[in-house]
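Here's the structure we're looking at; comments come further down.
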Amino acid sequence: MNGDADEFAEMALNLHDETSVDETVERVLEYGLKAVSCSYAGVIFVHGKKRVETVVATHPIVAELDKMQFDCGEGPDMDLLSKESSIMVADIKSDERWPRWAEAVSGAGVHSLISVRMYTSSTTVGTLNLYDVEPNHFDHDDLAVAHVLARHAAVALSTARQEEHLWQAIDARKLIGQAQGILMERYNMSADQAFSVLLRYSQDKNIKLRVVAERLIATRALPG
């Protein structure tokens with residue numbers, strides 16, 4: 001795919017055609033492995049401004065490599081999320097930027113990487129990480145390819161996230177409406193009164209309003 005505009009165009013279309021976050025991430029990693037012929041790939045998501053997590057990886061070792069960064073408090077993703085847009089490491093074992101992380105990762109048999117921040121004009125979605133077991137595996141052409149993939153992935157993932165949130169919100173409104181209807185019919189309440197009952201129960205029991213509605217629909221009564 002390197003240097004092939006047609007394949008990049010097909011990649012972009014396919015990414016934007018995926019219907020869920022999980023499917024989009026899996027397609028991103030599929031393209032990443034193919035694009036630079038590396039050993040492993042993974043995607044880290046940012047939630048809010050502080051919480052990060054490995055969402056999908058091509059091998060269990062990737063989650064361990066990411067955890068090493070969080071445990072050590074240093075590593076390429078830490079720098080990416082705070083100040084850099086991309087990082088390429090030719091030989092992790094001899095890299096001096098993150099000594100504790102480098103020692104742990106090289107001990108796990110991984111020796112080179114590319115990490116690229118996935119971001120749009122309004123938000124940072126996460127990072128795309130490509131690893132190889134050989135040192136000096138990646139070159140600047142690979143880095144350029146990773147940048148293109150990360151930019152397309154960021155837009156596709158941001159859109160997929162928004163669509164999932166939208167459908168979740170629509171589904172929640174439907175459930176709450178059904179629960180209101182049950183209370184209105186059973187206790188001769190108005191819509192506002194029924195919603196107030198659901199909301200008060202949610203607050204008193206510290207249970208999400210959607211969950212309260214689901215329980216009421218399933219059992220036809222509020223527990224307790």
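The values are calculated or read from the model by the stated rules, or taken from the named source; none is laboratory data. In this text the structure is predicted, and so the values were computed from the model without any measurement. Using ideal geometry, Cβ is built from the backbone for each residue, glycine included, and neighbour counts are taken over all protein chains shown.
Scanning region 28-46 for residues that are over 21 Å from Arg151 (Cβ atoms) and part of a strand (DSSP E or B) yields a single hit, Tyr40. Filtered by the rule that a residue be without any contact (Cβ under 8 Å) to a residue 24 or more places away in the chain, farther than 18 Å from Phe138 by Cα and of a type in the set (Asp, Glu), region 72-95 gives a lone residue, Asp79. The set of residues from region 28-42 being at pLDDT 90 or above and within 16 Å of the chain's Cα centre (by Cα) comprises Ala41, Gly42. Just one of the numbered conditions (1) surrounded by 14 or more Cβ atoms within 10 Å (Cβ to Cβ); (2) more than 22 Å from the chain's Cα centre (by Cα); (3) polar (S, T, N, Q) is not true of Thr124: (2).
Return a yes/no flag: does region 153-171 have any residue that is in contact with a helix residue (DSSP H, G or I) (Cβ under 7 Å, 6 or more places away or on another chain), of a type outside the set (D, E, K, R), in contact (Cβ under 8 Å) with a residue 24 or more places away in the chain and within 22 Å of Met78 (Cβ to Cβ). Checked region 153-171: at least one residue is in contact with a helix residue (DSSP H, G or I) (Cβ under 7 Å, 6 or more places away or on another chain), of a type outside the set (D, E, K, R), in contact (Cβ under 8 Å) with a residue 24 or more places away in the chain and within 22 Å of Met78 (Cβ to Cβ). Tell me the residue from Arg186, Arg215, Arg200 that is part of a helix (DSSP H, G or I), under 33 Å from the mean Cα position of the chain (by Cα) and basic (Lys, Arg), please. That would be Arg215, the only listed residue that is part of a helix (DSSP H, G or I), under 33 Å from the mean Cα position of the chain (by Cα) and basic (Lys, Arg).
Each residue in region 100-112 was checked for being closer than 12 Å to Met68 by Cβ and either in contact (Cβ under 8 Å) with a residue 24 or more places away in the chain or in contact with an Asp or Glu (Cβ under 8 Å, 6 or more places away or on another chain) (or both), and 7 pass. Yes or no: region 136-151 includes at least one residue that is of a type in the set (Lys, Arg) and closer than 24 Å to Pro60 by Cβ. Looking through region 136-151, none of the residues is of a type in the set (Lys, Arg) and closer than 24 Å to Pro60 by Cβ.
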